[in-house]
Every structure is written in C-alpha cells, then in structure tokens.
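Presented below is the structure to which this report refers.
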Amino acid sequence: MDDLMDIFGLHIDAEAGKALGVVYLLQFTLFTVLAFIARRSDAIHWSSEFLKSVRVNWSFIIFNGLIAPFAIIAVTGLNTGFKTTGIPTVPPEFWGFAPAIVPAIVAVIVADFVDYWSHRLRHISVLWPMHAVHHSDTQMHYLSWYRAHIIELIFIQGSYLVLATWMGASPGAVAGVVIFRAFHQQYVHMNVDWTHGRFGLLLASPRFHRWHHADAREAWDKNFSSIIPLWDKLFGTYYCPGRCDVPLGFPNNPGENFVKLMLYPFREWGRMTKELVQRARA
Ligand SMILES: [Zn+2]
C-alpha cells in the first residue's frame, strides 16, 4: 500500500489508515449485531428485493474502497486549492484556551450546519443526480449509508476538509468528528422505527432520517440535517409525523443495478445539457 501511495505522490499515515480500518470493522460488526437484535427473525429472512439492495450496497463499498486513493488525491487537491485562495482562517492556537473536547463539539455543530445547507443544495437541479444515487435504495438498512456516488463523496469530504482547515481544527478533533459521524450516520440508516423522544431535535433518529428517504410528496425535500434536526426546525424543513411506512426512493429511480447507478449522474447531466442546448436554439 505504501508503494501505491508513493506512486500517487501522496503520503498517507499507515497508522491512521490502520486505525480507520479498525473503526470500520468495529462499526460493521456493531451494526450487524444491532440489526440482528432489532429485526430478530426478519434479519435472516431476506426478500429478493432486500438481497438485491445488499448486493448493490456491497458493490459500492468495494468500488469506493478501491478508488479511495484517487478520491483522497482529489479531496486533498480541493483543500490545497482552498489554501491558495488566501481566505482568512482561524489559527490552530485559537483553540488552545479550551480542552480538546470543545473544538470537537464546535466542529460537529459547525460541520452539521454546513452539511444541512450542502445537503439541501444536493437536492436541487444539477447537484441532485449525484445525490440521487444514495436515495435509490428502496430497502433502507444500515448498509445503505455506504451507497454514495464517488463524485458526491469527493464533494462532501472535500467540503469537510476545507471546513477543518478554515476552523484550524486539530487532527484529534477531526478524527473525533469523523468517527462519531460515521457511527451516527450508519445508525440513522437502520431499518428500525427508533426515535429519541424529547431529544429528537438534538440528535437525528432512524425514524427522522427514514422520512428523508421517503418517496411521498409530503416528505420530499424534508429532514436534511445529518445529526442535529434542529436545523430543519429552524429553516422550515422538519417533517416527522410518526412511523414511516411509505415507499422509499424517488420517481424515475434507475433501480438496483450498480453500473446503471454509477452512470446515472452522467446520463442525467447529459440529458440536462441537451435540453439546455435545445432551449437555447429554439
Ligand atoms: Zn438527501
């Protein structure tokens, strides 16, 4: 792996890579056990639709894992580009006044606020096709979190890294946010109707996020918050009327086909460009 990284001219800390691997393994094990406990007999009786969804999600896990070195180069490139803009940043010494947990908590809140708007943008027009891939899973379960187009992953991770650079966040704070977010995001995709009662506006639950994936007109463009649903409440997009039993997905869903899903954004962007050209000529 070191040779691979050398070829790409990028140094990835081997220990950090191993730590990330351990976190992913722990995460996968924990949610597999949780899913079996929560779904009991359902967890072993898979419908053919569910099996197709699992296959596609595993295809995304493997493909995105293989392409990760290229994605890291792209994400690092975006951050290098940001540094050259000369936009003022918070000096890392600024956080020296507080214990390490403070910048980590601030980073979660700031990143989640940015994420709310970034997610809202990804539901609009030209950005929607890359995010639609994540919404294509009609059998939502904990592996659905991994279903994301590589272009969207670069877009999201790039914005996080730029934000961390801008905030002067320490590597420890960044690692804490990344790990917390990864566990929480996999949790909200679980196929369970769990809620958080009076804390529902502070920490997103599986029921809250399931409504975001609902293919029902009343639920479209709702619940954009990743971690803190309070953002949705403040900006008028909160929707969580009760248990979510409506179909999931979106109209014109390309279906459970990995290749079709990988090509989906490019086909949609091609169609949009064609329409634009035709309208300009008319
Ligand atoms: Zn979405």
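With respect to (1) modelled with pLDDT under 75; (2) within 20 Å of Glu256 (Cβ to Cβ), the lone exception for Phe63 is condition (1).
Against the criterion of being crowded, with 18+ Cβ neighbours inside 10 Å and either under 14 Å from the mean Cα position of the chain (by Cα) or farther than 27 Å from Phe31 by Cα (or both), Ile179 does not qualify. Taking His123 as the residue in question, decide whether it is under 20 Å from Pro251 (Cβ atoms), surrounded by 20 or more Cβ atoms within 10 Å (Cβ to Cβ) and either in contact (Cβ under 8 Å) with a residue 60 or more places away in the chain or within 19 Å of the chain's Cα centre (by Cα) (or both). For His123, the condition - under 20 Å from Pro251 (Cβ atoms), surrounded by 20 or more Cβ atoms within 10 Å (Cβ to Cβ) and either in contact (Cβ under 8 Å) with a residue 60 or more places away in the chain or within 19 Å of the chain's Cα centre (by Cα) (or both) - is not met. Residues of segment 84-102 that are in contact with a Ser or Thr (Cβ under 7 Å, 6 or more places away or on another chain) and at pLDDT 80 or above: Thr89 alone. Residue selection: Ser144 fails the criterion of being small (Gly, Ala, Ser), over 30 Å from Ala38 (Cα atoms), under 12 Å from the mean Cα position of the chain (by Cα) and within 13 Å of the ligand (Cβ to nearest atom). Number of residues in segment 42-68 that are over 18 Å from the mean Cα position of the chain (by Cα), surrounded by 13 or more Cβ atoms within 10 Å (Cβ to Cβ) and of a type outside the set (Lys, Arg) equals 4.
If I filter segment 157-173 for residues that are more than 17 Å from Ala104 (Cβ to Cβ), among the hydroxyl-bearing types (Ser, Thr, Tyr) and within 11 Å of the chain's Cα centre (by Cα), do I get at least one hit? Checking segment 157-173: not a single residue is more than 17 Å from Ala104 (Cβ to Cβ), among the hydroxyl-bearing types (Ser, Thr, Tyr) and within 11 Å of the chain's Cα centre (by Cα). Residues in segment 75-92 that are over 17 Å from the mean Cα position of the chain (by Cα) and touching a residue at least 12 places away in the same chain (Cβ under 8 Å): 10 in all. When residues in segment 154-170 are screened for being away from the ligand (no atom under 14 Å from the Cβ) and surrounded by fewer than 20 Cβ atoms within 10 Å (Cβ to Cβ), 8 of them pass.
The helices (runs of 4 or more DSSP H) falling completely within segment 184-282 include none with 3 or more residues that are surrounded by fewer than 17 Cβ atoms within 10 Å (Cβ to Cβ) and within 16 Å of the ligand (Cβ to nearest atom).
Within segment 99-120, residues that are under 13 Å from Arg181 (Cα atoms) have Cβ atoms under 6 Å from residues that are polar (S, T, N, Q) in these pairs: Asp112/Ser226; Asp115/Ser226, counting only partners at least 6 apart in sequence or on another chain. The set of residues in segment 116-141 being assigned to a helix (DSSP H, G or I) and away from the ligand (no atom under 12 Å from the Cβ) consists of Trp117, Ser125, Val126, Pro129. Checked against the criterion of being at pLDDT below 85, within 18 Å of the chain's Cα centre (by Cα) and surrounded by 13 or more Cβ atoms within 10 Å (Cβ to Cβ), the candidates Ala71, Ala111 yield just one match: Ala71.
Quick grid of which residues meet (1) of a type in the set (A, V, I, L, M); (2) assigned to a helix (DSSP H, G or I):
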site: Phe63; (1), (2): no, yes
site: Pro69; (1), (2): no, yes
site: Ile73; (1), (2): yes, yes
site: Thr76; (1), (2): no, yes
site: Thr80; (1), (2): no, yes
site: Ile87; (1), (2): yes, no
site: Phe94; (1), (2): no, yes
site: Val102; (1), (2): yes, yes
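The values are calculated or read from the model by the stated rules, or taken from the named source; none is laboratory data. In this text, all values refer to a predicted model and were calculated from it rather than measured experimentally. Note: ideal-geometry Cβ built from the backbone for every residue, glycine included; neighbour counts use all protein chains shown.
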